[in-house]
Amino acid sequence: VSVLDYLQNGDYRMFVGCDNNNIYGFYKNGKPLPGWKPLRTGSMQVSPMMHVLSEGKDYLVYITASDQLFIRNRKGSNRTSPVPLQGELITELAFDSKEDATMLLGVNENGDLVRYYLDGTSDKSPLGTDIIDAVLSDVDGDGSTDVVYMDQSGLHAITNTGMSIFNFDPGAPSAFRLGSITGKEVNYITLSSIVTQETYILDGNGKPIHSEVLPASGYTNGLYDPERKAVIASESLIQCFVIR
């Protein structure tokens, strides 16, 4: 199930990809979306439906099990032909910006930064040959999506045009898992050790925001209620830390 809010006004729409290769659309009260017929994808939908408004046009995008990226309009009609994926992704796709996006970004298993443009074209550029992990996040807070990746030399944050933001050496990079905490005010990068069971939280300059590492390791996310918090989930435990 994917839940979208086109205009960020609480008018939610829900999309459900089913194993009959159809995608169904509903309002939040469960009523079917008018004009949206069960959308046959040709292959099962395997990624969440994503939405962006660019130059006054709606774009709905998702990936299917046939490794194709579909780009559709609000009614479900194709804006372009299906776009073949360029290698298996190790990150989720992300729009290059929240407003007037022009492309989706992803990092594949070959260490390439892949760009899928909203007109149906794509290209890629190499980051490295020994990429251990990667995440996409607006690290420097300028409204554009940045690329954070880790190789044997350490952690690197760059803009999606290839300019360096910061580098960080955690020591033994292959022992860490990357994550991000995103929010309205600030974004952080998390670096969790699968050996020591500890986590760094880095700011937009690549500096730890705490004097000591957090005594937890796993997948990370953020909460704002109203204090900013880091949630770290391991296989057997969920822990929450207030970020001050």
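Extents of region 64-115, taken as max minus min of Cα coordinates on every principal axis and listed largest first, are 34, 28, 13 Å. Highest mobility in the GNM of the chain, judged by mean-square fluctuation with C-alpha springs under 10 Å and restricted to Thr145, Thr196, Thr91, is found for Thr196. More than 22 angstrom separation, counting every C-alpha pair in region 67-169; what % is that? Roughly 30 percent, rounded to a whole number.
Per residue, the accessible area of the chain comes to 52 Å², computed with a 1.4 Å probe over protein heavy atoms only.
In the complete set of protein chains, residue-level accessible area for Val148 is approximately 0 Å², probe 1.4 angstrom. Centroid-to-centroid, using Cα positions, region 158-210 and region 123-141 are 12 Å apart.
Highest mean packing first, where packing is the average number of other Cβ atoms within 10 Å per residue, the peptides 93-100, 34-41 line up as 93-100, 34-41.
Between Lys28 and Tyr224, full extension at 0.36 nm per residue minus the direct alpha carbon distance yields a gain of 68.2 nm. Seen through its C-alpha gyration tensor, with square-root eigenvalues sorted a ≥ b ≥ c, region 1-129 comes out prolate because a/c lies at 1.5 or above while a/b is bigger than b/c.
For Thr196, project a label point 7 Å along Cα to C-beta. Then give me every residue of region 217-244 with its amide nitrogen under 17 Å of that point. Backbone N within reach: 217-218.
Here the relative contact order of the chain, from alpha carbon pairs under 8 Å that lie six or more residues apart, stands at 8 percent. As a quick test, which of the pairs Lys57/Lys207; Lys31/Lys229; Lys37/Lys57; Lys37/Lys124; Lys124/Lys229; Lys31/Lys57 have an alpha carbon distance above 28 angstrom in this structure? Checking Cα-Cα distances, Lys57/Lys207; Lys31/Lys229; Lys37/Lys124; Lys124/Lys229 exceed 28 Å.
Note on Ser66/Ser125: beta-carbon distance plugged into 1/(1 + (r/R0)^6) with R0 of 25 Å gives a FRET efficiency of 0.50. Only Cα sites of the chain enter the Debye sum here, all with the same form factor; the resulting log10 I(q)/I(0) across q = 0.13, 0.15 1/Å is -0.88, -1.13, listed in q order. In region 16-132, what percent of the accessible surface is made up of carbon and sulfur (1.4 Å probe, ligands and nucleic acids excluded)? After summing per-atom areas, the C and S share lands at 49 percent. Length available on full extension from Asn205 to Gln8: 0.36 nm per residue minus the Cα-Cα distance, which gives 67.9 nm.
The values are calculated or read from the model by the stated rules, or taken from the named source; none is laboratory data. Keep in mind the model is a prediction, meaning the values are calculated, not measured. Here Cβ is always computed from backbone atoms with ideal geometry, including for glycine, and neighbour counts include all displayed protein chains. When the accessible area is computed, the model is the full protein with side chains, heavy atoms only, and any ligands, DNA or RNA have been set aside. Shrake-Rupley method; radii C 1.70, N 1.55, O 1.52, S 1.80 Å.
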